[in-house]
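The values are calculated or read from the model by the stated rules, or taken from the named source; none is laboratory data. Nothing here was measured: the structure is a model prediction, and the numbers come from that model. No Cβ is skipped: glycine too gets one built from the backbone with ideal geometry, and neighbour counts run over all protein chains shown. Remember, those area values only see protein heavy atoms, side chains included, never the ligands or the DNA or RNA. Shrake-Rupley method; radii C 1.70, N 1.55, O 1.52, S 1.80 Å.
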Amino acid sequence: MTHTDTPEPRGFVTSSGPAGRRTSASLCGPAVLMGILVAAGCNGNGALARLPDDAPTHVREAVLRCSAQMWQEKRSCYESALLDRLTIEGVADALSTLETIAAADTDVQRDGHVYTHAIGIEAYRENPSMPDVFPECTTLFQSGCYHGVIQAHFMAAGDIGAEDVNTLCERYKGESGDRWVLFQCLHGLGHGLTMFYSHHLPRALESCDLLTEWWDRQSCYGGAFMENITNATTPHHPASELAASDGTDEADAVQVTEATEFGHVEEEGDAGAHEHGEMADIAAFGLEPWKALDADDPLYPCSILEERYLHQCYLMQTSAILYHNGWDIAAAAKTCDGAPESMRPICYQSLGRDISALTLQDIDESIDMCQLGSDEFESRCYIGLVKNFIDLTASTDSGFEFCRAVEGVGHKMTCYEAVGEEIAVLHREEAARAAACRSSEGMEFERACLYGARVIRSKPAGL
């Protein structure tokens, strides 16, 4: 297979580019990574006018109360409203409320993944039972609710061993299991382990290594790398706040230290967008201090890790690169050009994921931004884009729409193959995979989709 069977974690960054292209200047505030606190506070009460006429009263009240606030205050306001709904009506209602608000307030849409994390974390705290709480989550906003539940589960654990790591997601395996949910569980496992070990990434990766299957390990690595970047760039997101309380309401259980070692200077209103150092209690695990990111080496930590971790590391690395370079897409592409040769395509795939989040899945703008880098890896950028389109909703409709807009037979073939790879995770049965690929725009591209979906084994010409 040309790429990877694992659906990849996604993030958000902004960019700058040449004149004539829409860039981060079209937003109205500073941006940070992973879909967190991006341009918050610029929507104002215009969000209220965008609510549907039949929006529930509690939704309308939340938007009226929160939408005009700025930065961290805005996120905290919305988060409080969502967690109130969770307490009163449960997980499904909280997620539905979030979805309705996000459709009206683009700040919330960009932050959607982190809000779902918060819902998952709080749901577990109210009912600390993985079998009960995990199935209540949905795939909304890249399945962040699932990830939050697992984060909270591990932060409440006293110890983690090989059996704990291997049995956590076992119920989603086998012929009757849901491979998409299995991925969310394993990806969340990476998040949770990283938090458990006080954001000491190497130690978390070692725990991922305890998983007995390759696909499981890769999925876990991806969650660990995502958590490493998220915590380093936005330490005020709900997962970091959970870590600061050690999974309980005892806020002094584990204190978070904030470092200035990377030289980032906060701008006014840039709440949470500063670098974050190691947790204060890593010595309890017998660990040396760990620096999450390094402004002097935009490819760090990938540049110092062992080979088995590099694929998943580079699939996240542009979120760190863009954070350090002021969210310049073209400059990030040049940094990817300087990665080890085998990792350059993977780095461009990461860039596509971040572009998708920047443009809020605007197809034409996304394609334009992918063209800011090397022609050699343009297709890989499209792979990152289309996979993120699908991961956001666990539906292939937007993916097929994107591939139809891509120009050039070679680029289209690669795009449809990537859609097929996502289908392979969404659908366990081969017949369902084949049926899903019929939405391709012609037999040539359908075969590329079928190959990606592992329905056919012979690689089509043009791939």
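Observations
- Pairs with Cβ under 9 Å, 6+ apart, first in the stretch 443-457 and farther than 9 Å from Arg433 by Cβ, second open to solvent by 10 Å² or more (accessible area, probe 1.4 Å) and aromatic (Phe, Trp, Tyr): Arg457/Tyr451
Results for (1) in a helix (DSSP H, G or I); (2) charged (D, E, K, R); (3) surrounded by fewer than 21 Cβ atoms within 10 Å (Cβ to Cβ), shown as yes or no for each residue.
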{"site": "Ala332", "(1), (2), (3)": "yes, no, no"}
{"site": "Ala339", "(1), (2), (3)": "no, no, no"}
{"site": "Gln349", "(1), (2), (3)": "yes, no, no"}
{"site": "Arg353", "(1), (2), (3)": "yes, yes, no"}
{"site": "Ser366", "(1), (2), (3)": "yes, no, no"}
{"site": "Leu372", "(1), (2), (3)": "no, no, no"}
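- Enumeration of residues in the stretch 374-397 that are surrounded by fewer than 18 Cβ atoms within 10 Å (Cβ to Cβ) and either hydroxyl-bearing (Ser, Thr, Tyr) or at pLDDT below 95 (or both): Ser374, Thr393, Ser395
- Cross-chain or 6+ apart pairs with Cβ under 6 Å, the stretch 126-152 first and closer than 16 Å to Met226 by Cβ, then acidic (Asp, Glu): Gln142/Asp391
- Exactly one residue among Gly410, Gly420 is surrounded by 15 or more Cβ atoms within 10 Å (Cβ to Cβ) and either assigned to a helix (DSSP H, G or I) or touching a Lys or Arg at 6+ places or on another chain (Cβ under 6 Å) (or both), and that residue is Gly420.
- The stretch 176-194 residues that are in contact (Cβ under 8 Å) with a residue 60 or more places away in the chain and over 21 Å from Ala156 (Cβ atoms), paired with ones that are outside any helix (DSSP H, G or I) and open to solvent by 10 Å² or more (accessible area, probe 1.4 Å) (beta carbon under 7 Å, 6 or more apart): Arg179/Arg428; Trp180/Ala394
- Here Thr212 clears all of (1) open to solvent by 10 Å² or more (accessible area, probe 1.4 Å); (2) in a helix (DSSP H, G or I) except the condition numbered (2).
- Note on the stretch 216-236: among residues that are at pLDDT 95 or above and open to solvent by 10 Å² or more (accessible area, probe 1.4 Å), the one that is nearest to Tyr300 (Cα to Cα) is Gln218.
- Of the residues in the stretch 193-206, not one is open to solvent by 10 Å² or more (accessible area, probe 1.4 Å), touching an Asp or Glu at 6+ places or on another chain (Cβ under 8 Å) and aromatic (Phe, Trp, Tyr).
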